[in-house]
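Step one of this worksheet: look at the structure below.
The values are calculated or read from the model by the stated rules, or taken from the named source; none is laboratory data. Small disclaimer: the values here were computed from a predicted structure and weren't measured. All Cβ positions, even for glycine, are placed from backbone atoms using ideal geometry, and neighbour counts span all protein chains on display.
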Amino acid sequence: MITMRCRVTILLLSLLIFYQNGPAQALKSDTFSVFTYGQEQGLSQLNALAMDFDSLGYLWIGTENGLNRFNGYSMKTYMAGDKVGDLIDDHIRAMYYAKDTLWLATDSHSLVAYLPKKNKFINFLDQLDFNLHPYTKYTNLLYPIDNTYLLLGTNGNCLLFDRHTKKFTIIPLPANAKNDFITSCSQLNEDQLLIGTNNHGLLLLDIAKRSIQTRSAYKLLTNATINSIYPYSTDLYLIATENRLYWLNSKTQSISLALKDLHLPEITSIQPWETQDGQPAVFLSAINHGYILNQQKQVKKIVFQNLQKENLSAEVKKILKDPQGGFWLGTNGRGVFYYHPRYKKFTPLRIKTPDAPRQDFISIFNFLRVGNRLWMATEFGFASYNLQTQLYKFYPSSALEYTLAKDANGTIWGGGFGQGLVRYDPEKDGFIPVIIPIEDKDVIQVTPIDKDFIWVHTWSNGIFAFNVHTQAVRKLTLNKNTLVRSRTSFKDHLGNIWIGSDDGIYKIKGDSIQHLHNLSNERVFDITEDPSGNIWVGTAKGLNRISPHTDSTISYTKASGLPNDFIYGVLAEDNGNIWCSTNYGISRYNPATNRFRNYTETDGLQNNEFNGKAAYKDDQGNLYFGGMNGFNFFDPRTIYTNKQVGKTVIEDIQVFGKSIAQNLPYLKALILSHDQNVISFEYTALNYLWANKNLYQFMLEGFDKDWRNVTDFRSTTYTNLDPGNYTFKVRGSNNDGVWGAATSLKVIIKGPWYKSLWFKVLLAATLLIIILGVFMYKSYRQKLVNKKLLTMVEDRTSALQKSNQELNESLALSERQKENITFLMRELNHRVKNNLQIITSLIDIQDLSIANPKAKSKLKLLQSRIFTVSRIHDILTNTEEKEEIRIDQFLQQLASEIIAFSGKPIALTASLSPVKYPVEKLTYLGLILNELITNSIKHAFGQTAQPEISIHLTRQADKLQFIYKDNGTGFKVATNEDSNEKMGVNLVKFLAKELNGILDFSHSCLAEISLTFANQTKNNEK
């Protein structure tokens, strides 16, 4: 009987348990690919228990051994130290950032605050009496209540901290829970909070009353371990215990089981989440498991994978969403995970069929979409993919299939290496070989022309026109040449056919064939046209744009922003953007901004390497790119663009390679000395999604005229900067090339002290004082000198007056003496003249008494000479003490008077240059003239009817030339017998020597004699 009753009891209990729990549901799962950050990335410890963002955008991570600041590239770690301002405890259990302060709940030193702008930690140990309340220093929880209070959960107590007064209020747990500790809390209303404990279930904190109480409504959770409390909706709270999840209805104060149909492991933490469509959800964390609960109370299991596709097991302790839509997950023992629902922009597709020769790395070369069926040419045959059912079908062959095309009749044609031309038969659902008389079976392109013809391009035999009705074949030549390896063709909107080969590109317009030679490379792999009519050509070395009007070409290479120069495929969006596949990912070119945006395998591409001809655009605008490991297709209009851009901060400045000890992210100005002129700047953009794709631009105003080129480097150096005011500006972009605002830092390089303003002012003032002092001193000295001079002047004036009187007396005496001398000179001249006259008269008397002709001649000659001396004396007497007189006037006057004295009717002709000559030499010149005239009168005019004498005087540089002529018989050279004449000649020679002159008798036979003598005048006048 007892046994039966026991069996019945066991059966009833089993049914009850089954009824309560129900059968375990099969949970759907989702895989999150995450970035992982651990000690290899600089994280100080792997238990990441707390996280928050500051106002700049830095991510702060608290671990059990260090506080970490992350910028997307590296960690900066803060460890406990003994100095003032150091972190007192580096075991961080919780954190909260608000109003420029990072609040930290530490394991054994209660509350700590970090002030980023001051780079300083402060603690509040002096506000707590640890002797009276020893367990208040052990903090497990930090919860902001409002703008005033922080709630700290400790062992046996709650601490209410006033952020304004910096004071604590200790609120003890109920007596029966005094040895318990607080695990979690959540605000119930303005004055009340739900408190979760480790051993005493759920409690209620009344802020106004400063008390913690139990409630009968929470009796179901008495003695339960509360792991987490989360406000699921307005009135509904989700509570995780060591065994189950519960709902708490705040209106009815009722507690019920949550998710009772699911056998979930112990949920250790409940964190906020958001679905990809922006709906609120929660993340349920368990040891090595994670789940997402949405608003419809549906649960999905989450599997974490790293970027290498390795599964990761972790217990998530903290989740934080960043402004870019990414989620940071702090784990227990696995560091930090970063998940972004849009971290991959593309989804790779791979041919998955049982009969496929491989399940991955099947190369795809060409696409063709017909309805909802996507045809592909692969290395193992043709394949189709139903875009609705997402099912593949494989059409294997032994050839590498290379091309697909649909003609104007709707027929699908294909070809490949060794395959020849094939045609798809819809009834047989297979590809049928087409027998045509072409030796080369390597068909690399099919170009539909019209309803009658297609062109079949072969690898080595050229291009053939194929009649689809009669199957007649005609070989085509381009400019009389066979074009081989013409792997691609394109028909533009004007009907022109473009053909690309290893010999460049050809444009066929009716009967006109044009070969374009100006591409960046002759090997052409793809051709397309943009909405503006530009032709785009992908080559083995660069992308080319051909103008439809001029056929001019612009080339783009890796230097222009492409990830690789080998362009396999080129497609144009309807908005004009150009997509191209390369040997290193795909790239989108925006002609409006002239920038490339590059994508790689990390963005979800099938592989970084793509294939030739594997680029296709369907009628709906979808783009297809194939490569070594499958293909991607997408609508370019739906590609996610990250438009959120974090701040760019300057993290470090080095002077001559040494960092300056300043809190640079918050610094507004930097002042350096003139010898600190080699400066390095390090900066970072706080964009965490693919941070390695962030780009930067910078400039130093005052040195650079414009922004430097875009770069992915996060540092730059300026050298030999002159003293002055500069502004360093830097801006960063996010992973999608969206640029943020620039960050500025003023840099002031002071000049040397001797160039400073104060020194210049001081120097100017000093110079002014010195000048003023010198002026005043000189003025004082001048006054003394003036006084002394005045005395001297007075004395001198007196002396001068006396001297003047004496001089006047002396002058009067001199005037009287001068008058006497003048009188004496007049008297002397008169007496000399009288004496000469007496001598002349005596000669006349003597001449009367002498009968000898020779004697009479000598007396006449002597009389003439005395007359000449007399006339010279008269002339010089009239010069009134002049040093020089006009020699021309002297000669003419003297010659006239000598001729008149002779009493002969002789004409005188004079051509004399106006020249002044010293008076002391005139006597010699006058005597020479006398001798010459006397000689002419005596000897020249015996039979001459009209005797004439001419005299000439000319200036020749520093010489004077005197020429004497008559019209007589000429001069005779005196002999020894003719003593008078000989004496006259000697006298002339002597006088000429005294004048430093030269006599020239060479023309004496012509009655012409010249005398050249020195021009000794001081100032000749015309």
Members of segment 422-452 found to be over 18 Å from residue 483 (Cα atoms) and crowded, with 19+ Cβ neighbours inside 10 Å, listed by number: 422, 424, 431
Only listed residue being in contact with a Cys (Cβ under 9 Å, 6 or more places away or on another chain) and not in a loop (DSSP other than H, G, I, E, B), chosen from 142, 102, 151, 159: 151
Residue that is farthest from residue 633 (Cα to Cα), among those in segment 345-396 that are surrounded by fewer than 16 Cβ atoms within 10 Å (Cβ to Cβ) and free of Cβ contacts under 8 Å to residues at least 12 places away in the same chain: 354
Top-ranked residue of segment 222-244 - restricted to ones that are of a type in the set (Val, Ile, Thr) and part of a strand (DSSP E or B), ranked as nearest to residue 185 (Cα to Cα): 229
Qualifying position, being part of a strand (DSSP E or B) and out of contact with any Asp or Glu (no Cβ under 8 Å at 6 or more places or on another chain), among 183, 169: 183
Test: residue in segment 128-136 that is of a type in the set (A, V, I, L, M), assigned to a strand (DSSP E or B) and outside the structural domain of residue 666 (by TED's automatic domain parsing): no
Answer from 209, 219 - the residue that is in a helix (DSSP H, G or I) and more than 16 Å from residue 103 (Cβ to Cβ): 219
Strands (runs of 3 or more DSSP E) contained in segment 245-288 and holding at least 3 residues more than 13 Å from residue 233 (Cα to Cα): 254-258, 267-274, 280-286
Close pairs from segment 688-713: first exposed (fewer than 13 other Cβ atoms within 10 Å of the Cβ), partner among the basic types (Lys, Arg), Cβ under 9 Å, at least 6 apart: 712/693
Strands (runs of 3 or more DSSP E) contained in segment 390-436 and holding at least 3 residues farther than 22 Å from residue 354 by Cβ: 400-406, 412-417, 420-425
Residue tally, condition under 26 Å from residue 640 (Cα atoms) and assigned to a loop (DSSP other than H, G, I, E, B), over segment 289-313: 7
Residue list for segment 585-598, filter: modelled with pLDDT of 95 or more and either in a strand (DSSP E or B) or buried (at least 19 other Cβ atoms within 10 Å of the Cβ) (or both): 585, 586, 587, 588, 589, 590
Matching residues in segment 551-581 - criterion: being in a strand (DSSP E or B), within 26 Å of residue 402 (Cβ to Cβ) and out of contact with any Leu (no Cβ under 8 Å at 6 or more places or on another chain): 568, 569, 572, 581
Residue list for segment 60-80, filter: assigned to a loop (DSSP other than H, G, I, E, B) and within 26 Å of residue 153 (Cβ to Cβ): 64, 65, 79
Residue among 239, 229 that is closer than 21 Å to residue 160 by Cβ and crowded, with 20+ Cβ neighbours inside 10 Å: 229
Wholly enclosed strands (runs of 3 or more DSSP E) of segment 691-757 bearing at least 2 residues under 30 Å from residue 35 (Cβ atoms): 696-701, 715-718, 724-732
Qualifying positions in segment 207-223 - at negative phi and in contact (Cβ under 8 Å) with a residue 24 or more places away in the chain: 207, 211, 212, 213, 214, 215, 217, 218, 220, 221
Lone qualifier among 531, 548 - being within 19 Å of residue 516 (Cβ to Cβ), outside any strand (DSSP E or B) and of a type outside the set (Gly, Ala, Ser): 548
